Amino acid sequence: MKAELVDDPGTGAIPAGPVIEADDLRVWYAGPTAPVRAVDGVSFVIRPGEILGLVGESGCGKSTLGRGLLGLLPDGSARDGELRFRGDDMLSLGKKDQYALRGGSLGMIFQEPLTRLNPLMRISDHFAETLRTHEKGISKAEVEERSLEALRVMGIPPTRFRAYPHEFSGGMRQRLMIALALVLRPAFVVADEPTTALDVLVEAQIIRILHDLRQTYETSLLLITHNLGIVAEACDRVAVMYAGRIVEIGPAREVFANPRHSYTRELLRSTISLKTTGLNFIDGAPPDLSDPPPGCHFHPRCPDAMKICATREPVDRELPSGTRVTCWAADVRDEVVTLTETEKAPLPKEIDSADEA
């Protein structure tokens, strides 16, 4: 079912409603003994011009979710559930139709630019290849005009247009990756760790650029990162992912000021600031996604775990603040559930000694 259209005086008719809608979305990989449930039933929406931050430890499924939204998955993987782009069912599209959407409508900013930029091609050739692949018949003059405009927005002077990738610093190469994604003016972009290995000053510049994209290109963005400070600075909302599931999602300021899920709270405790006097960490490691623990997947590591957490999955609950959380401990604190004394009994941690190492 297609989204309704509304009139926009500047751009003409555009689809109303969310840009991306995921409902019980799942992504599996083929494993040696059982399927790996890298994304296990996530639901969220991303609205026009919105930046949604996606945080969590390595191995929680963040990059798989980003690639799954765009259909950039390897052989031996599968998607299920519901995924809509501007109202259109993405999972029912054939490979050719999905390919046609990537670039012009759906974009991706990869990490590690040197592995994505061809060292034998000038930057001008990268832009020409990108535009001519997705927009057949585009003139040479328009290619140059749009390329230089994208570089200008990224703060790269036109004198560098014919330079090679190795002639740029790490921060400028990351800007080039952003410019190459945005030159096609996609409606939705996945940015996968766009500030990895950059110093704090360059990182701040990249975040400011990403934050300004909504004004320049009206682009919606999924920002995948380990850096909670980046999310607080640049994102409208934040989704916290653990073991393939979104355990908490809501307005960034609300989630950071009042974390409801135990995992979110422990992540925030692990951040380092000028006031840090000791290092905090979460015992253990994320579970094997081919055989995750029963109940709440976080219960073997959770400081608030109760006996019910090990046997029953918590219910996804929306709070008046707009935050959604899936946590038995939060439900008990908010007095929205009634548990027996046995169910509320503290659950001893079961951390494997190898995990602690």
Please list 304-312, 175-183 highest first by mean number of surrounding beta-carbon atoms within 10 Å per residue. 175-183, 304-312
Relative packing of 35-45, 185-195, 124-134, 329-339, which averages over residues the other C-beta atoms within 10 Å, highest first: 185-195, 35-45, 124-134, 329-339
Please report the equivalent ellipsoid semi-axes of the stretch 170-288, computed as sqrt(5 x eigenvalue) of the Cα gyration tensor, largest first, in whole Å. 27, 17, 14
Leaving out ligands and nucleic acids, note down the accessible area per residue over the stretch 245-338 with a 1.4 angstrom probe, in whole Å². 52 Å²
Mind listing the long-range amide H neighbours of Met108? Cut-off is under 5 Å, sequence gap 5 or more, other chains count too, H placed in the peptide plane at 1.01 Å from N. Val190
Net dipole in debye of the stretch 19-109 [+1 Lys, Arg Cβ; -1 Asp, Glu Cβ; about Cα centre; nearest 20]: 280 debye
Using the Cα centre as the reference, give the magnitude of the dipole from point charges on the C-beta atoms of the stretch 216-309 (Lys, Arg: +1; Asp, Glu: -1; all else neutral), rounded to the nearest 20 debye. 280 debye
Find how many whole Å separate the alpha carbon centroid of the stretch 165-233 from the alpha carbon centroid of the stretch 236-260. 21 Å
Over the stretch 91-220, with the other protein chains present, what is the accessible area per residue in square angstrom, probe 1.4 angstrom? 51 Å²
Scoring the chain by relative contact order with C-alpha pairs under 8 Å, at least six apart, yields a percentage of 18 percent
Looking at [x] -0.55, -0.68; [y] -1.04, -1.18; [z] -0.67, -0.81, which value of log10 I(q)/I(0) by the Debye sum over Cα atoms at q = 0.10, 0.11 Å⁻¹ comes from a calculation on the structure shown? [z]
Counting helices only, and only those DSSP H runs with n ≥ 4, report the 222 nm mean residue ellipticity of the chain as the sum of -39,500 (n - 2.57) divided by its residues, in deg cm²/dmol to the nearest 500. -8500 deg cm²/dmol
Roughly speaking, to the nearest percent, how much of the chain's 1.4 Å accessible area is carbon and sulfur? 51 percent
Under the rule of at least 5 residues apart or a separate chain, name every residue whose amide H is placed under 5 Å from the amide H of Ile246. Ser43
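The values are calculated or read from the model by the stated rules, or taken from the named source; none is laboratory data. Not measured: the values here are computed from a predicted model. Quick reminder, even Gly has a Cβ in these numbers, built from the backbone with ideal geometry, and neighbours come from all protein chains shown. Accessible surface is based on the protein model in full, side chains and every heavy atom, while ligands, DNA and RNA are left aside. Shrake-Rupley method; radii C 1.70, N 1.55, O 1.52, S 1.80 Å.
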